[in-house]
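The values are calculated or read from the model by the stated rules, or taken from the named source; none is laboratory data. Because the structure is predicted, anything quoted here is derived from the model rather than measured. Positions of Cβ are backbone-derived with ideal geometry, glycine not excepted, and every protein chain shown enters the neighbour counts.
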Amino acid sequence: MLKESYIIHWVRLDQYPSTEEAYKDGVKRLEILASKVRDCDLPKLAPDSVELSTQQFGTPLTQSSMTSDEYKSAVLQAKEHILAGDIFQILLSQRFERRTFADPFEIYRALRAVNPSPYMTYLQARVCILVGSRPEILTRVKSVIVLSNCWFLNM
């Protein structure tokens, strides 16, 4: 499996006299960051061995980006678009928040151990860290048996 990392640097255009200067400075900063990543000597991670603190702190958060009814409505709307031929595939997602003492990268590693999906995210920003994974395993092969978790909608 090819393992790739993408480094992104956001440049505020309003802080530069021209787009060209913003681009040049952004590329320069990306090169500095890329060299730090390349030169970083990290210990090898043992596969499937993750120590994860699940202890919460503060008041529990039960926030989601949508309610259960809103999610069901989005599914029904997606089914209508499929039947109309507008789309053939869609990924509906929700964002859940939780305060925890766990290291965000360890959460990412735990998700990777449970479901090594090619669609995983670890994004560190100033105010938050976003960890994401497509939870479903669409197909898996065991010996000569193909297991499928595809959901067929009763239209």
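Give me the pairs: first residue in region 56-71 and more than 17 Å from residue 104 (Cα to Cα), second residue among the aromatic types (Phe, Trp, Tyr) and modelled with pLDDT of 70 or more, beta-carbon distance under 6 Å, and six or more apart or on different chains, which are they?
Within 6 Å, the pairs are 64/96.
Can you tell me which residue in region 100-142 is farthest from residue 75 (Cα to Cα), limited to those that are modelled with pLDDT of 70 or more and of a type in the set (Ser, Thr, Tyr)?
Residues of region 100-142 modelled with pLDDT of 70 or more: 100-134.
Still in the running and of a type in the set (Ser, Thr, Tyr): 100, 108, 117, 119, 121-122, 133.
Values: 100: 30, 108: 27, 117: 23, 119: 21, 121: 23, 122: 26, 133: 19 Å.
Step by step, filter region 100-142, then rank; the result is 100.
Can you tell me which residue is modelled with the lowest pLDDT among those in region 143-155 that are under 27 Å from residue 78 (Cα atoms) and among the aliphatic types (A, V, I, L, M)? Spell out how you get there, then give the answer.
Narrowing region 143-155 to residues under 27 Å from residue 78 (Cα atoms): 147-155.
So of that shortlist, the ones also among the aliphatic types (A, V, I, L, M) come out as 147, 153, 155.
On the way: 147: 58, 153: 42, 155: 38.
Filtering first and then ranking leaves 155.
Just the residues that are farther than 20 Å from residue 64 by Cβ and exposed (fewer than 11 other Cβ atoms within 10 Å of the Cβ), please, taken from region 88-114.
Within region 88-114, 88, 89, 101 qualify.
Would you mention how many residues in region 97-118 are part of a loop (DSSP other than H, G, I, E, B) and closer than 19 Å to residue 5 by Cβ? Give the derivation first.
Initial filter on region 97-118 (part of a loop (DSSP other than H, G, I, E, B)): 97-103, 115-118.
Filter again for closer than 19 Å to residue 5 by Cβ, leaving 103, 116-118.
Number of matching residues: 4.
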